[in-house]
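Undergrad: Sharing a structure with you now.
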Amino acid sequence: MFVIITYDITDDRRLNKVRKVLKRYLYWSQLSCFEGIITEGKLAQCMAEIDKIIDKKEDSIYVYQVKNPKNIKKKVLGIEKSYIDNFL
Amino acid sequence: MPKRFYINSNGRLKRKENTIYFETEQNGETAKKVLPVNDIDSIYVFGELDINTKALNYLSQYDIPIHFYNYYGYYSGSFLPRKKNVSGSLLVEQVRHYLEERERQYLAISFIEGAVFHILRNLKKNKIPEEKFEEIEKEFYPKVFETNTPEELMAVEGNIRDRYYQLFNEIIKNPDFYMKKREKRPPDNPINALISFGNSILYNTILTEIYRTQLDPTISYLHSPQEKRFSLSLDLAEIFKPFIIDPLIFSLINTKKITLKDFDKDLNFAYLNENGRKKFLKAYEERLNKTIKHRKLKRKVSYRQLIRLECYKLIKHFIGDEDYKPFKAWW
């Protein structure tokens, strides 16, 4: 499924930790935002890792899920900060 | 589904922040690209790449193979992480099926059966008049089942392929890609270059799938396993070459996506240049990701998964669960 994860984390140390976890699963798209296609199992694994890091009273993480990746349409105004491609 | 990454530019692959970074020089600046380690299936390297053991160790932890190709797109080797999926009893069975002549021949015939099925399928799909491939269908195909040794079988297969490659000229109506004779080492013209390149990529896709199962990729049945290659992937490729690569070549040429411009002029057009390679790989990737509803599993599977299912079918055959029947595209 396709997910978009945005995060708002008050402490820089925790922020970096969360960012590093997300990097291993998804693609960075812009500040505080990751996206990509991921399986449900992997997403659960990723969430469990993040769950251990964040402070639930201060931080917030949003996960938007779309079951069928084909149903998503992305439009970019301005510059596209990162472009996902498996041809490097 | 994890992705296959194709690296065509020159650069450096390294481990950073517990994931994989690809760095490349662009207009004097280093451009970094993060590859999420959980989203990598395998890596195909065509460019000039620096890599260190730190990155290799990390990739091996995640069971990610890397396949290397030289400047001309020729396969030079793979980095296969230590195999964790091993099974002694399966290996014994695999060897037994090789040693027992009847068992070996059964598997060898099955692979060719799958190959010929897809060859005929291609010819029919491309509306070649039936009388032109009658010989393959009526004369050679039944012979496949009467052969007693892999050598005999290879001879019949050779005849079928000769006829088949002749008919390429009827499917591809472009004189630039005229197929006189299949020439492998090295390919001598654009069409042979395309076939060779496609096949070598397919071998490694299949090898990656075999690697993910308990099968040993060096023990094969149709091809003799003595060669210094992962010959089981050559065996399985027989079925998938006409199913995945050939239709790809037909459509790339007939829709003029690939033209002579995509070949190296200085090398007599016998090698794809970087641009051509990219186009081919893009189309290949699309084809592997195509899905079809599986009749038995009752869910959608991609063409890549069909390869994996073929490995599972072989395992079932070896452990005596279910006789192996080659994959035949049913749609």
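Undergrad: Count neighbours as other Cβ atoms within 10 Å of each site's Cβ, and list the trypsin sites (Lys or Arg not before Pro) in region B:260-327 that are DSSP loop with at most 14 such neighbours.
TA: Numbers: sites: B:Lys261, B:Lys265, B:Arg277, B:Lys278, B:Lys279, B:Lys282, B:Arg287, B:Lys290, B:Lys293, B:Arg295, B:Lys296, B:Lys298, B:Arg299, B:Lys300, B:Arg304, B:Arg308, B:Lys313, B:Lys316; in loops: B:Lys290, B:Arg295, B:Lys296, B:Lys298, B:Arg299.
The qualifying sites are B:Lys290, B:Arg295, B:Lys296, B:Lys298, B:Arg299.
Undergrad: Viscosity 1.306 mPa s, temperature 10 °C: what is the translational diffusion coefficient of region B:203-331 from Stokes-Einstein with a Kirkwood Rh over Cα pairs, rounded to a whole number of µm²/s? Write down the numbers at each step before the final one.
TA: Numbers: Rh = 16.5 Å.
Once the numbers are plugged in, D ends up at 97 µm²/s.
Undergrad: Where the eigenvalues come from the Cα gyration tensor of the protein assembly as shown, what are the semi-axes √(5λ) of the equivalent ellipsoid, largest first, in whole Å? Don't jump to the answer; show the numbers that get you there.
TA: Values: eigenvalues 338, 136, 82 Å².
Square roots of five times the eigenvalues give 41, 26, 20 Å.
Undergrad: Gaussian network model of chain B, Cα springs within a sub-10 Å range: biggest mean-square fluctuation belongs to which of B:Glu100, B:Glu29, B:Glu151?
TA: B:Glu29
Undergrad: What share of Cα pairs, in percent, lie more than 38 angstrom apart in chain B?
TA: Working: 8942 of 54615 pairs.
For chain B, the fraction of Cα-Cα distances above 38 Å is 16 percent.
Undergrad: Same structure again: How long are the semi-axes of the ellipsoid equivalent to chain A, from square roots of 5 times the Cα gyration tensor eigenvalues, in whole Å, largest first? Numbers along the way, then the final one.
TA: Working: eigenvalues 100, 50, 30 Å².
Calculated on Cα positions only, the semi-axes equal 22, 16, 12 Å.
Undergrad: How big is the B/A interface in buried accessible area, both sides summed, 1.4 Å probe, to the nearest 100 Å²? Don't jump to the answer; show the numbers that get you there.
TA: Working: alone 16660 and 6750 Å², together 21490 Å².
Heavy-atom accessible area buried at this interface is about 1900 Å².
Undergrad: Right, next: In region B:192-321, carbon and sulfur make up what percent of the accessible area (probe 1.4 Å)? Kindly include the intermediate steps, with their values, before the conclusion.
TA: Details: 2660 of 5310 Å².
So the carbon and sulfur contribution to the accessible surface is 50 percent.
Undergrad: Are there GluC sites (Glu not before Pro) in chain A that DSSP marks as loop and that have at most 11 other Cβ atoms within 10 Å, and which are they?
TA: Values: sites: A:Glu35, A:Glu40, A:Glu49, A:Glu58, A:Glu80; in loops: A:Glu58, A:Glu80.
Qualifying residues, ordered by number: A:Glu58, A:Glu80.
Undergrad: Same structure, new question: Using bins 5 angstrom wide from zero, how does P(r) for region A:1-48 break down, in % of all Cα pairs?
TA: Distribution as computed: 5, 21, 35, 25, 11, 3 percent.
Undergrad: Follow-up. For peptide B:32-40, how many partner chain Cβ atoms fall within 10 Å of a residue's Cβ, on average?
TA: Values: counts 0, 7, 6, 5, 12, 3, 10, 11, 1.
Going residue by residue through B:32-40 and averaging, the value is 6.
Undergrad: Using the Karplus equation 6.51 cos²θ - 1.76 cosθ + 1.60 (θ = phi - 60°), what ³J(HN,Hα) coupling, rounded to whole Hz, does each residue of region A:26-32 give in order, writing x for Gly and Pro?
TA: For region A:26-32, the Karplus-derived couplings read 10, 9, 5, 10, 7, 3, 6 Hz, x marking Gly and Pro.
Undergrad: I need the chymotrypsin sites (Phe, Trp or Tyr not before Pro) found in region B:112-161, filtered to DSSP loop residues with at most 13 other beta carbons within 10 Å of theirs. Don't skip to the end; give the middle numbers.
TA: Details: sites: B:Phe117, B:Phe133, B:Phe140, B:Phe145; in loops: B:Phe133, B:Phe145.
Hits after loop and neighbour filter: B:Phe145.
Undergrad: Follow-up question, since we're still on this one. Would you mind listing how long region B:1-72 runs along its three principal axes, going by Cα atoms, in whole Å with the largest first?
TA: Here the Cα extents, ordered largest to smallest, are 32, 30, 25 Å.
Undergrad: Further, regarding this structure: Stokes-Einstein at 25 °C, 0.890 mPa s, Kirkwood radius from Cα pairs: D for region B:197-277 in µm² s⁻¹? Let's see the in-between values first.
TA: On the way: Rh = 14.3 Å.
The calculation lands on 172 µm²/s.
Undergrad: A follow-up question, please. Over all residues in B:43-55, what is the mean tally of Cβ atoms on other chains that come within 10 Å of each residue's Cβ?
TA: On the way: counts 2, 2, 1, 1, 1, 0, 1, 0, 0, 0, 0, 0, 0.
Mean shielding count: 1.
Undergrad: Let me ask something else about it. Quick one: accessible area per residue over region B:1-93, 1.4 Å probe, rounded to a whole number of Å²?
TA: Details: 4540 Å² over 93 residues.
Roughly 49 Å² per residue, with all protein chains present.
Undergrad: 5 Å is the cut-off here: which amide hydrogens, built 1.01 Å from N in the peptide plane, fall below it relative to B:Asp41, excluding neighbours closer than 5 in sequence?
TA: Those qualifying (amide H under 5 Å, at least 5 residues apart or on another chain) are B:Lys3, B:Arg4, B:Phe5.
Undergrad: List the residues, sorted by chain then number, that are 5 or more residues from B:Glu183 or on another chain and whose placed amide H is less than 5 Å from its amide H.
TA: Sorted by chain and number, the residues that satisfy this are B:Asp188.
Undergrad: Could you go through region B:115-127 in sequence order and give the Karplus-derived ³J(HN,Hα) for each residue, using 6.51 cos²θ - 1.76 cosθ + 1.60 with θ = phi - 60°, rounded to whole Hz, and x for Gly and Pro?
TA: Taking θ as phi minus 60°, the curve returns 5, 5, 4, 6, 4, 5, 4, 4, 5, 5, 4, 8, 6 Hz for region B:115-127.
Undergrad: Identify which of A:Leu26, A:Leu77, A:Leu43 has the largest mean-square fluctuation in a Gaussian network model of chain A, with springs joining Cα atoms closer than 10 Å.
TA: A:Leu77
Undergrad: Average partner chain C-beta neighbours within 10 Å, per residue of A:35-44? Don't skip to the answer; put the middle values down first.
TA: Numbers: counts 0, 4, 4, 5, 4, 0, 0, 4, 0, 0.
Average neighbour count from other chains, rounded to a whole number: 2.
The values are calculated or read from the model by the stated rules, or taken from the named source; none is laboratory data. The structure displayed is predicted, hence computed values, not measured ones. Positions of Cβ are generated from backbone atoms using ideal geometry, with glycine treated the same way; all protein chains shown enter the neighbour counts. What goes into the accessible areas is simple: the full protein's heavy atoms, side chains included, and nothing from ligands, DNA or RNA. Shrake-Rupley method; radii C 1.70, N 1.55, O 1.52, S 1.80 Å.
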